[in-house]
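Student: First the structure, then my questions, so here it is.
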Amino acid sequence: MTIALVQLFDIAIHAATDQLEPLRVASNVVILLWLALLASGKISAYKGQTGVASTSVYLLLNGIFLAQAGFTNPAQGGAVRWMLFLLVALTLALATGLIYTRRPSQ
């Protein structure tokens, strides 16, 4: 649930500031779809492949965004995109925790 809230918060921030970036929103949607599949029972978190693939695509899309847009935001006076780094790190940490804690004991 926390991962979903982080994604929705990320989208809401961009919508509120009129800075919707398609790559960033697409990365949020990838994570939200993974979580929806988990919640529906269509996939199992403990296998990890879907979670690893989803978080990898999330990271790739955010990396492409940074490569295109840069590490600073001209709309905010050239400030470093700290919120992006925070939200990505939080998402990756929570997703890793979800995948790891749902693994069956060996």
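The values are calculated or read from the model by the stated rules, or taken from the named source; none is laboratory data. If you're wondering where the values come from, they're calculated on a predicted model, not measured in any experiment. Virtual Cβ from ideal backbone geometry, glycine too; neighbours counted across all protein chains shown. In case anyone asks, the SASA skips ligands and DNA or RNA and just uses the protein heavy atoms, side chains included. Shrake-Rupley method; radii C 1.70, N 1.55, O 1.52, S 1.80 Å.
Student: Of all the accessible heavy-atom surface of the stretch 1-59, with the other protein chains kept in place and a 1.4 Å probe, what percent is carbon and sulfur?
Tutor: Result for the stretch 1-59: 70 percent of the exposed heavy-atom area is carbon or sulfur.
Student: Packing-wise, with mean Cβ within 10 Å as the measure, how do 14-23, 59-68 rank, highest first?
Tutor: The packing order, highest mean first, is 59-68, 14-23.
Student: Quick one: dipole size for the chain, taken about the Cα centre, charges +1 on Lys/Arg Cβ and -1 on Asp/Glu Cβ, in debye to the nearest 20.
Tutor: That gives the chain a dipole magnitude of about 420 debye.
Student: Using the heavy atoms of the protein chains alone and a 1.4 angstrom probe, what is the accessible area of the chain per residue in square angstrom?
Tutor: Result: 60 Å² per residue.
Student: Something else: Per residue and in cubic angstrom, what volume does the convex hull of the Cα atoms of the chain have?
Tutor: It is 91 Å³ per residue.
Student: Any chance you could look up the accessible area of residue 71 with a 1.4 Å probe, heavy atoms only, rounded to 10 Å²?
Tutor: 130
Student: Could you point to the residue in 71, 36, 7 farthest towards the positive end of the chain's charge dipole, with +1 and -1 charges on the Cβ of Lys/Arg and Asp/Glu respectively?
Tutor: Comparing the listed Cα positions along the dipole, 36 ranks first.
Student: Given the Cα-Cα distance of residue 66 and residue 29 and 0.36 nm per residue of separation, how much length would full extension add, in nm?
Tutor: 11.6 nm
Student: I've got another one for you. Given Cα pairs under 8 Å that are at least 6 residues apart, what percent is the relative contact order of the chain?
Tutor: So the answer I get is 34 percent.
Student: So what's the back-of-envelope 222 nm ellipticity for the chain, counting only DSSP H runs of four-plus at -39500 (n - 2.57) apiece and dividing by all residues, rounded to 500?
Tutor: Calculated at 222 nm, the ellipticity per residue is -24000 deg cm²/dmol.
Student: Tell me, in nm to one decimal, what length is gained between residue 37 and residue 80 on full extension, where the rule is 0.36 nm per residue of separation less the Cα-Cα distance?
Tutor: Taking 0.36 nm per residue and subtracting the Cα distance, the gain is 12.1 nm.
Student: Cα centroids of the stretch 56-95 and the stretch 1-25: how far apart, whole angstrom?
Tutor: Answer, in whole Å: 12.
Student: Now, a different point. Only loop residues by DSSP count here, and only those with at most 15 other Cβ atoms within 10 Å; note down the trypsin sites (Lys or Arg not before Pro) in the stretch 1-75 that meet that.
Tutor: Those that pass, being in a loop and sparsely packed, are 42.
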